[in-house]
Every structure is written in C-alpha cells, then in structure tokens.
Amino acid sequence: MTGGYKEADCALYTCKEVIAEAGRNLEEHRGFFSRLSWSDEAVRIHLDTAEQGATFLLIYAPGDTDAERAMNVIRRGPFEFVHRYHRFTIEELK
C-alpha cells in the first residue's frame, strides 16, 4: 500500500492458502497439455516456496509500465521470484 496501490489492486496469500490451492491445481490438471506447459512448473515453484513458509503478493499490472512500477515496490524487500502472467505465457521477472 505504501507503493500507492489500492486494496483492490493487490492480494496477499499465506503459505497455507497457496499450499492448498497449488496442491489442488496440480491434482486437478493432470492432462497431457498441462504437463507440456510451463504453468505446471510455475505451480510447483509456488508450492515448493509456500512449503518453505513464503507469503505471496499478487499485484494487478496489466501493462509494461504497471509491471515495472510493481517491480520497483517488490525490489524494496527480499523476494524469491516474480511471475508475470500474460495471456499465453508466464514470464519470470527479476
């Protein structure tokens, strides 16, 4: 919120919430295409990180300028990874 975001633009999830949802996602999506895509790998990364006690922050950032603004806020503290979701791809930001 100190970065100028409104509550409607952000969501914070605990490790327990992510473990439950990531586990459910991996169980429900066992199809051929799911295994071919990077999305399953991203969910596994989320699950592994949550199992280590991480908290997850989601920020609505539809454009490149919005994503850079979000990264400026994220870089203020320690973080494990940043995944930016596009329509058909998942990008890892640093």
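We did not get these values from a lab; they are worked out from the coordinates using the rules stated. Predicted model, so just to flag it, every value in this text is computed and none were measured. Cβ sites come from the backbone with ideal geometry, for glycine too, and all protein chains shown count toward neighbours.
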| message | What distance in nm lies between label points placed 7 Å from Cα along the C-beta direction at residue 75 and residue 48? | response | 2.5
| remark: With Cα coordinates, the longest principal axis of the chain makes an angle with the long axis of helix 15-28, in degrees rounded to 10, of 40
| said: Need the full-extension length gain, residue 8 to residue 86, defined as separation in residues times 0.36 nm minus the C-alpha distance. One decimal, nm. | reply: 26.1 nm
| field | Degrees between helix 64-74 axis and first principal axis of the chain (Cα, 0 to 90, nearest 10) | value | 80
| Can you tell which of 43, 73, 82 shows the greatest fluctuation in a Gaussian network model of the chain with Cα springs below 10 Å? | 73
| message | Debye calculation, C-alpha points only, no solvent: report log10 I(q)/I(0) for the chain at q = 0.11, 0.14 Å⁻¹, in the same order as the q values. | response | -0.35, -0.56
| said: Between 0 and 90 degrees, rounded to the nearest ten: what's the tilt of helix 38-51 against the longest Cα principal axis of the chain? | reply: 70
| query | residue 66 to residue 28: extension gain in nm, 0.36 nm per residue of separation minus the Cα-Cα distance? | reply | 10.5 nm
| remark: What helix-only [θ] at 222 nm does the chain give? Using -39500 (n - 2.57) per DSSP H run of at least 4, over all residues, to the nearest 500, the answer is -14000 deg cm²/dmol
| remark: Here the net charge surrounding residue 81, from other residues whose Cβ is less than 10 Å away from its Cβ (Lys, Arg +1; Asp, Glu -1), is -1
